[in-house]
Amino acid sequence: MPKRSKNYEKLVEEVQKYKDWNLTIFCWLMRALLTKKIQFEEEKSKIRCLYTQLNFIEGLIEFMEGLIVRKIDI
């Protein structure tokens, strides 16, 4: 096996550090994106729940208006 120079070994170390740093940054970015996605899904779920409650209340108001109209007609 050929003898490798110190410069080659130093270059390999630098490349490894660079790769490790890039991997760290990539992990941070992925974690941030996943956190935002989870927050978005939670907010979307809250909005869907509020929309369902609003539809129920609107239906209840229409039902009560119908009862009032029938009582007036009698």
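A residue that is at pLDDT below 95 and either among the aromatic types (F, W, Y) or touching a helix residue (DSSP H, G or I) at 6+ places or on another chain (Cβ under 8 Å) (or both) cannot be found anywhere in region 42-61.
Please go through region 1-56 and pick out each residue that is polar (S, T, N, Q) and under 31 Å from the mean Cα position of the chain (by Cα). Quick ask: steps written out before the conclusion?
Filtering region 1-56 down to residues polar (S, T, N, Q) leaves 5, 7, 16, 22, 24, 35, 39, 45, 52-53, 55.
Those that are polar (S, T, N, Q) and under 31 Å from the mean Cα position of the chain (by Cα): N22, T24, T35, Q39, S45, T52, Q53, N55.
The values are calculated or read from the model by the stated rules, or taken from the named source; none is laboratory data. For clarity, every value in this text was computed on a predicted model and none was experimentally measured. Cβ: placed from backbone, ideal geometry, glycine included. Neighbour counts: every protein chain shown.
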